[in-house]
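A short write-up of the structure that comes next.
The values are calculated or read from the model by the stated rules, or taken from the named source; none is laboratory data. Treat the numbers as computed from the prediction; the structure is a model and nothing was measured. So basically every Cβ, Gly included, is an ideal-geometry build from the backbone, and we count neighbours across all protein chains shown.
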């Protein structure tokens, strides 16, 4: 039992973080808060990938004499790309929020729905 | 041992930050907490031997994303999330089911840091053994990013370009529209 916890606690906490971001996205009405939630979800997914690349007693994958155990470089590369793409999508999402504020003069989801219905 | 201790401490900080973000209504506080969340995860990347990812996360995730959100806050002039009685039961149920499915899935993942895991047995030895003679770069992450998967990185530039165009299309005319409105008045 202890073994299972020690082997997997990292994944479980990362899953908890992921789900807290997910919960923020689907339960909160404020659009800026939703985007913060998406970002938390995203960062947690990065943590999950990096966890999979981690090796016990390893070093960062920079080849040097005297070291033989390196972390897996492939997840690192994928996540580097994902971080930058994540910021691009965040920027686009925030631009949409500004545009919505301009058109509806609110960034609360239910008020936007109400205005849509009253048209 | 010390690695595990730092790992658990940072994960605990991340958990507290995530819960605080759900519960707090002040948008400025939420954004700052998100910056803290990113910075802690950058620390966690260092512990998990991903130095390059940690740099990028600290600069881009904690830096640029936070600044972008603060800019949005300034432009929308919204500071407080309205306290509405949201339906929390259905989201909670969805999240709970997803959590159970994901945790069930982790039983098939090899244990954390296992050197015999399939992820460590394939592709990786090829990169570690041959990247220096093939690319001449000691940092394997750089070698893969710029050489083996150079096209991916090129695609990434395209994504940033597209996002930039999108942002300009959405809010680029903002100033123009405001001036016109003032002229009309």
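Listing for the model above:
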read-out	value
Output for segment B:71-97, where each listed residue is more than 9 Å from chain A (Cβ to nearest Cβ), more than 30 Å from residue B:7 (Cβ to Cβ) and in a helix (DSSP H, G or I)	B:74, B:89, B:93
Residue within segment A:6-16 that is closer than 30 Å to residue B:78 by Cβ and either more than 8 Å from chain B (Cβ to nearest Cβ) or part of a helix (DSSP H, G or I) (or both) present	yes
Answer residue from segment A:45-64, given it is within 24 Å of residue B:14 (Cα to Cα) and assigned to a loop (DSSP other than H, G, I, E, B) and is farthest from the chain's Cα centre (by Cα) among those	A:57
Residue identified as at pLDDT below 90, surrounded by 11 or more Cβ atoms within 10 Å (Cβ to Cβ), under 19 Å from residue A:71 (Cα atoms) and in contact with a strand residue (DSSP E or B) (Cβ under 9 Å, 6 or more places away or on another chain) among B:109, B:128	B:128
Some residue of segment A:23-30 being within 7 Å of another protein chain (Cβ to nearest Cβ), more than 16 Å from the chain's Cα centre (by Cα) and under 25 Å from residue B:136 (Cα atoms)	no
Given (1) more than 9 Å from every other protein chain (Cβ to nearest Cβ); (2) on the phi < 0 side of the Ramachandran plot; (3) more than 24 Å from the chain's Cα centre (by Cα), index of the condition residue B:100 fails	(3)
Residues of segment A:65-119 satisfying the condition of being touching a helix residue (DSSP H, G or I) at 6+ places or on another chain (Cβ under 8 Å), more than 7 Å from chain B (Cβ to nearest Cβ) and outside any helix (DSSP H, G or I)	A:106
